[in-house]
1. What residue among F145, F162, F217 shows peak mean-square fluctuation when the chain is described by a Gaussian network model with Cα springs under 10 Å?
2. List the pairs from K63/K160; K125/K152; K144/K222 whose alpha-carbon separation is above 29 Å, in the order I gave them.
3. Can you give the angle from 0 to 90° between the axis of helix 2-22 and the longest principal axis of the chain, with both taken from C-alpha atoms, to the nearest 10?
4. L40's amide H: which non-local residues (gap 5+, or another chain) put their own amide H closer than 5 Å, with H modeled 1.01 Å from N in plane and none for Pro or chain starts?
5. Work out the length of the dipole vector of the chain about its Cα centre, built from +1 on the beta-carbon of each Lys and Arg and -1 on the beta-carbon of each Asp and Glu, and round it to the nearest 20 debye.
6. Just to check I understand the Karplus step: with θ = phi - 60° and J = 6.51 cos²θ - 1.76 cosθ + 1.60, what whole-Hz values come out for region 62-77, glycine and proline as x?
7. Using each residue's phi in region 187-204, evaluate 6.51 cos²θ - 1.76 cosθ + 1.60 at θ = phi - 60° and report the 3J(HN,Hα) Karplus result to the nearest Hz, with x for Gly and Pro.
8. For a quick protection proxy, order the peptides 253-260, 112-119 by their average other-Cβ count within 10 Å, most packed first.
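Where a number appears in this text, it was derived from the coordinates with a stated rule and is not lab data. For clarity, every value in this text was computed on a predicted model and none was experimentally measured. Because the Cβ atoms are built from the backbone with ideal geometry, glycine has one as well, and the counts that use them run over all protein chains shown.
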Amino acid sequence: MQKSILKNVFYCCALIYSAQTLAQLPQDSRRPGGIAVIPLASEVQNVQYQNHPVLITQENGQKYAVLGIPLSAPSSGQIQLTTNQQPISIQLHSYPYAEQHITLKNQDFVSPSPEQLARYQHEAKEQNTIYQSFTTSQWQHFPKFIRPTQGKFSNSFGRKRFFNGEERAPHSGLDIPAPIGQKVVAPANGIVVGTANYFFNGNTILIDHGQGLISMFCHLSKIKVHPGQIVHQGEEIGLVGKTGRVTGPHLHWGMSLNDARVDPQLFLSSE
Ligand code: ZN
C-alpha cells in the first residue's frame with residue numbers, strides 16, 4: 001500500500017518536472033509555418049536547412065534541433081536537413097490556413113508606385129539580412145516566451161491574403177488587436193537589432209534572441225528602444241499603433257527561425 005502511494009508521488013513529481021522543463025521548448029508542429037523539435041544524437045554538432053544553420057539546444061541532457069519550417073514548404077511533403085553525421089528527413093502535414101479578403105482605402109498599399117516599391121525592396125533587404133543572421137545564444141536553455149501585449153489573439157498567422165481582390169504574400173505573423181498606446185513588452189531576453197519606419201510594417205522593432213531566432217513587432221505608435229540595446233523579458237519596448245498597411249490599431253507579432261517565418265503561438269506554452 002505504502003509502496004504504491006510512493007510510486008504515485010514519484011509519477012506525479014516526474015510529470016510536474018517534465019511539464020515545467022518541456023515548456024521551455026516550442027511546440028512541435030510539422031507544417032508549413034510550423035516548427036520541428038528534433039531530438040539529436042550527441043555526436044551531431046551542426047544542422048543546416050537550405051544552407052542556413054539550425055538552432056540547437058539542450059533539455060534534460062537531450063540535444064534538440066529546433067527548425068523553423070517556411071510557409072512556402074510543400075504541404076504533406078518531406079524536407080531534408082544536413083548534419084555533420086547522417087542527414088535528417090522530416091515529414092510535413094498539411095494545415096488548413098484560411099483565406100482573408102481585406103479592403104484598403106489607400107490604393108498605394110495594394111499597388112505601390114515605382115518609388116514606393118523601390119523603398120519597400122530596400123526595406124525588405126534590410127529585414128532579410130537580420131533574418132539570415134546567426135548569432136551565438138546568450139542562454140543555456142531555450143528561452144520561454146510570454147505574450148508581448150494584452151488582447152485576444154486572432155488566429156491570423158499563415159492566412160492567404162487578398163488586398164482589394166489581389167492575392168499577396170501570406171500573413172507571416174500574428175495580429176493582436178489592441179488600443180493605440182497599449183504597452184508592448186519584450187517576450188524574451190534579447191538584443192534590439194533593428195528599429196525603423198517601414199512602408200508596409202510601419203514603426204517596427206526587431207529583436208535577436210540568438211541562433212537565428214528573431215522577433216518582430218510592427219505598426220507601433222512609438223518605439224522605445226534603440227539598436228544595440230539589451231532587453232529583458234517583460235521590459236517595455238514600444239506602444240501599439242496603426243502605422244503602415246493596417247485597417248485598424250493592432251500589434252503584428254512575427255517570429256523568424258533559420259530565416260523561416262513561423263507561428264508565434266508555438267513559442268507560448270499551451271496553458
Ligand atoms: Zn499582421
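1. F162
2. Those over the limit are K63/K160; K125/K152.
3. Approximately 30 degrees, to the nearest ten.
4. Amide H to amide H, under 5 Å and 5 or more residues apart or across chains, L40 pairs with K63, Y64, A65.
5. So the dipole magnitude of the chain works out to roughly 520 debye.
6. 9, 8, 9, 9, 10, 9, x, 9, x, 4, 7, 5, x, 4, 6, x
7. x, 7, 5, x, 10, 5, 10, x, 9, 6, 10, 9, 4, 7, 7, x, 5, 10
8. Details: 253-260: 24.2, 112-119: 11.9.
Result, highest mean first: 253-260, 112-119.
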